[in-house]
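The values are calculated or read from the model by the stated rules, or taken from the named source; none is laboratory data. Keep in mind it's a predicted model, so treat the numbers as computed, not measured. Here the Cβ is made from the backbone with ideal geometry for all residues, glycine too, and neighbour counts use every protein chain on show. Accessible surface is based on the protein model in full, side chains and every heavy atom, while ligands, DNA and RNA are left aside. Shrake-Rupley method; radii C 1.70, N 1.55, O 1.52, S 1.80 Å.
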Amino acid sequence: MANAARVFIDGEAGTTGLGIRERLRAVPQVELHSLPEASRKDPAARRDIMRDVDLVILCLPDDAARESTAIADGLGSQAPKLLDASTAHRVDPAWVYGFPELTPGQAARIAQASRVANPGCYPTGGIALLRPLLEAGILPVDYPITVNAVSGYSGGGKGMIAAHEQTGGPAFELYALGLEHKHLPELQLYSRLTRRPIFAPSVGHFRQGMLVSIPLHFDLLKPGTRSADLHEALAAYYEGSRLISVLPPTGDGKLEPEALADTDRMELRVFGHDGHGQAVLVARLDNLGKGASGAAVQNLALMLGLENPDD
């Protein structure tokens, strides 16, 4: 773009909004616009600033994101592009799912879209591991998938951050054991699974980082599958990717979640035992990086033409 792209972060004071703002400070092609704190919930003020910018990033609770979308839609031809970091539109067919590495043409679809839904942090890891194996015909669409994951406490928002940083918080905590976590619909849809997966998320007493792990039994996969086949399928799918790396398993069979904190990268590994006919797929990422703010900036760059979708 010849001139700087004008961007408004609706909800800039939240964890994701702050992360996006910090990243965009290093992008000279973007000009950030803001509202005074007293006007941030004023529909008229939000409508006026939306009319004056090229793109709005929604860093809001789901209902508030829907409200902002309605305001933007009311502007007609003056409406800005929208990038929604909430859960509100992730499985809405009218919105493009903002995972550029999902399929070979997904980055181009994001680049052409006026409405993009940023992925959830947990599904980013889960989908990255599962989609290539389904596309390769290794993993049946009705496989009984279980996704186990642990995130740093920053993913829980201001309340959880305060609880951990002020009072210490629990060392480890399972949650969403009612099996209704809000990330499940997108995890199932974009992994192309026909059977609803079981998702068991957890939080550890560390600020940033995430591990998403998925156990597999070879006798339920394509006949003859071995660990190397899983690794090769992932490596082929993400060959040339700037942010996603497929790496060999660690020598000691261990993996800690914080190594990619403050980066926008994601690492995928296969830990397998051919003799037992089992493997564990693991994605490691920063829940605030590729899992949130970093992914939003990646999508913003595509939507504003700051990044070539073929790169």
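Which pairs do you get when a residue that is at positive phi, found in the range 13-28, comes within reach of a residue that is open to solvent by less than 20 Å² (accessible area, probe 1.4 Å), reach meaning Cβ atoms under 8 angstrom, with the pair 6+ apart or on two chains?
That search, which allows pairs on different chains as well, returns nothing.
Out of all the residues in the range 150-172, which are within 24 Å of the chain's Cα centre (by Cα) and β-branched (Val, Ile, Thr)?
Val150, Ile161
Restricting the search to the range 165-189, which residues are surrounded by 18 or more Cβ atoms within 10 Å (Cβ to Cβ) and farther than 19 Å from Ser151 by Cβ?
Within the range 165-189, the first condition is being surrounded by 18 or more Cβ atoms within 10 Å (Cβ to Cβ), and the residues that meet it are 169, 181, 183-184, 186-188.
Scanning the range 165-189 gives a single hit, Gln188.
For Val147, state whether it is more than 20 Å from the chain's Cα centre (by Cα), under 21 Å from Leu102 (Cβ atoms) and either among the β-branched types (Val, Ile, Thr) or not in a strand (DSSP E or B) (or both). I'd like the intermediate steps shown before the answer.
On the way: more than 20 Å from the chain's Cα centre (by Cα): no; under 21 Å from Leu102 (Cβ atoms): yes; either among the β-branched types (Val, Ile, Thr) or not in a strand (DSSP E or B) (or both): yes.
Judged against the criteria, Val147 is not a match.
Looking at the range 79-95, is at least one residue assigned to a helix (DSSP H, G or I) and either closer than 22 Å to Ala301 by Cα or of a type in the set (Phe, Trp, Tyr) (or both)? Please lay out each step first, then the result.
Taking the range 79-95 as the starting set, the residues that turn out to be assigned to a helix (DSSP H, G or I) are none.
No; the residues of the range 79-95 include none that is assigned to a helix (DSSP H, G or I) and either closer than 22 Å to Ala301 by Cα or of a type in the set (Phe, Trp, Tyr) (or both).
Gly125: of a type in the set (Gly, Ala, Ser), surrounded by 20 or more Cβ atoms within 10 Å (Cβ to Cβ), at pLDDT 95 or above and closer than 30 Å to Leu230 by Cβ, yes or no?
Working: of a type in the set (Gly, Ala, Ser): yes; surrounded by 20 or more Cβ atoms within 10 Å (Cβ to Cβ): yes; at pLDDT 95 or above: yes; closer than 30 Å to Leu230 by Cβ: yes.
Taking the combined requirement at face value, the residue satisfies it.
Pick out the one residue from Ile57, Ile49 that is assigned to a strand (DSSP E or B), in contact with a Leu (Cβ under 8 Å, 6 or more places away or on another chain) and surrounded by 14 or more Cβ atoms within 10 Å (Cβ to Cβ).
Details: Ile49 fails: assigned to a strand (DSSP E or B).
The unique qualifying residue is Ile57.
If I filter the range 62-73 for residues that are assigned to a loop (DSSP other than H, G, I, E, B) and surrounded by fewer than 21 Cβ atoms within 10 Å (Cβ to Cβ), do I get at least one hit?
As a first pass, look at the range 62-73 and keep what is assigned to a loop (DSSP other than H, G, I, E, B): none.
No, that holds for no residue.
Condition test on Ala228, is it surrounded by fewer than 13 Cβ atoms within 10 Å (Cβ to Cβ), touching an Asp or Glu at 6+ places or on another chain (Cβ under 9 Å) and either at pLDDT below 95 or more than 29 Å from Trp95 (Cβ to Cβ) (or both)? Before the answer, list the steps.
On the way: surrounded by fewer than 13 Cβ atoms within 10 Å (Cβ to Cβ): yes; touching an Asp or Glu at 6+ places or on another chain (Cβ under 9 Å): yes; either at pLDDT below 95 or more than 29 Å from Trp95 (Cβ to Cβ) (or both): yes.
Yes, satisfied.
Which of (1) touching a Gly at 6+ places or on another chain (Cβ under 9 Å); (2) open to solvent by 40 Å² or more (accessible area, probe 1.4 Å); (3) assigned to a strand (DSSP E or B) does Arg23 not meet, given it meets every other one?
Here Arg23 meets the rest and fails (3).
Given the conditions (1) surrounded by fewer than 18 Cβ atoms within 10 Å (Cβ to Cβ); (2) of a type outside the set (Ser, Thr, Tyr); (3) under 26 Å from Ser191 (Cα atoms), which single one is not true for Gln78?
Among (1) surrounded by fewer than 18 Cβ atoms within 10 Å (Cβ to Cβ); (2) of a type outside the set (Ser, Thr, Tyr); (3) under 26 Å from Ser191 (Cα atoms), the lone unmet condition for Gln78 is (3).
Which residue is nearest to Asp63 (Cα to Cα), if the candidates are limited to the range 164-204 and must be aliphatic (A, V, I, L, M) and outside any strand (DSSP E or B)? Write out each step before concluding.
Going through the range 164-204, the residues aliphatic (A, V, I, L, M) turn out to be 171, 174, 176-177, 179, 184, 187, 189, 193, 198, 200, 203.
If we keep only those that are outside any strand (DSSP E or B) as well, we get 171, 176-177, 179, 184, 187, 189, 193.
Values: Ala171: 32, Ala176: 20, Leu177: 24, Leu179: 22, Leu184: 18, Leu187: 21, Leu189: 22, Leu193: 27 Å.
My answer is Leu184.
Name the residues in the range 192-208 that are open to solvent by less than 80 Å² (accessible area, probe 1.4 Å) and in contact with a helix residue (DSSP H, G or I) (Cβ under 9 Å, 6 or more places away or on another chain), would you? Lay out the reasoning, then the answer.
If we filter the range 192-208 for residues that are open to solvent by less than 80 Å² (accessible area, probe 1.4 Å), which is where we start, we get 193, 197, 199-204, 206, 208.
Once the filter is applied, which keeps residues that are open to solvent by less than 80 Å² (accessible area, probe 1.4 Å) and in contact with a helix residue (DSSP H, G or I) (Cβ under 9 Å, 6 or more places away or on another chain), the range 192-208 yields Leu193, Pro197, Phe199, Pro201, Val203, Gly204, Phe206, Gln208.
Answer with yes or no whether Arg269 is closer than 30 Å to Leu60 by Cα, at pLDDT 95 or above and open to solvent by less than 60 Å² (accessible area, probe 1.4 Å).
Numbers: closer than 30 Å to Leu60 by Cα: no; at pLDDT 95 or above: yes; open to solvent by less than 60 Å² (accessible area, probe 1.4 Å): yes.
Taking the combined requirement at face value, the residue does not satisfy it.
One residue is enough: does the range 282-296 have a residue meeting the conditions crowded, with 20+ Cβ neighbours inside 10 Å and within 24 Å of Pro140 (Cβ to Cβ)?
Step one: filter the range 282-296 for residues crowded, with 20+ Cβ neighbours inside 10 Å, giving 282-296.
Those still in the list that are within 24 Å of Pro140 (Cβ to Cβ) too: 282-283.
Among the residues of the range 282-296, at least one is crowded, with 20+ Cβ neighbours inside 10 Å and within 24 Å of Pro140 (Cβ to Cβ), which makes the answer yes.
Just checking, which of Asp92, Asp84, Asp62 is of a type in the set (Asp, Glu) and over 19 Å from Gly155 (Cβ atoms)?
Unique residue meeting the criteria: Asp92.
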